[in-house]
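Laboratory data are not the source of any read-out in this text; all were calculated from the coordinates shown. All of these numbers come straight from a predicted model, not from anything done at the bench. Positions of Cβ are backbone-derived with ideal geometry, glycine not excepted, and every protein chain shown enters the neighbour counts.
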Amino acid sequence: MAPDAGLQLLIGAALTDKEVLEVLLRDPLSLAGRFELTMPERRFLASVQARDLEHFATLVESWSSGEPSARRWLERTARLRIAG
């Protein structure tokens, strides 16, 4: 099984179900149990905030292929703090 198989199922569901898409963009980690994601996939979800489904799919592709640019982006955004 591919290391991102659960995330790929999640993308497919977001393509066909508007509610899944809305939750994916607002609170992605809350979908982890529904799609039986692995711990690495859950960590990925906890560390990303996608603008839209295309952005999310791009981040998944970069993460699953191990592209250094994706890792750097995730590390950089993980250090950001939200004001408020």
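For the pair Arg51 and Ser65, the difference between a 0.36 nm per residue extended length and the Cα-Cα distance amounts to 3.0 nm. In terms of its Cα atoms, region 1-45 spans 26, 18, 14 Å along the principal axes, sorted from long to short. Treating r as the C-beta distance of Met39 and Thr16 and R0 as 22 Å, the FRET efficiency rounds to 0.25.
The string of couplings for region 43-58 from the Karplus curve (6.51, -1.76, 1.60, θ = phi - 60°) is 4, 4, 4, 5, 9, 10, 9, 8, 6, 7, 5, 4, 4, 4, 4, 5 Hz, one whole number per residue in order, with x for Gly and Pro. Taking other C-beta atoms within 10 Å as the exposure proxy, Leu21, Leu10, Leu53 rank Leu53, Leu21, Leu10 from fewest upward.
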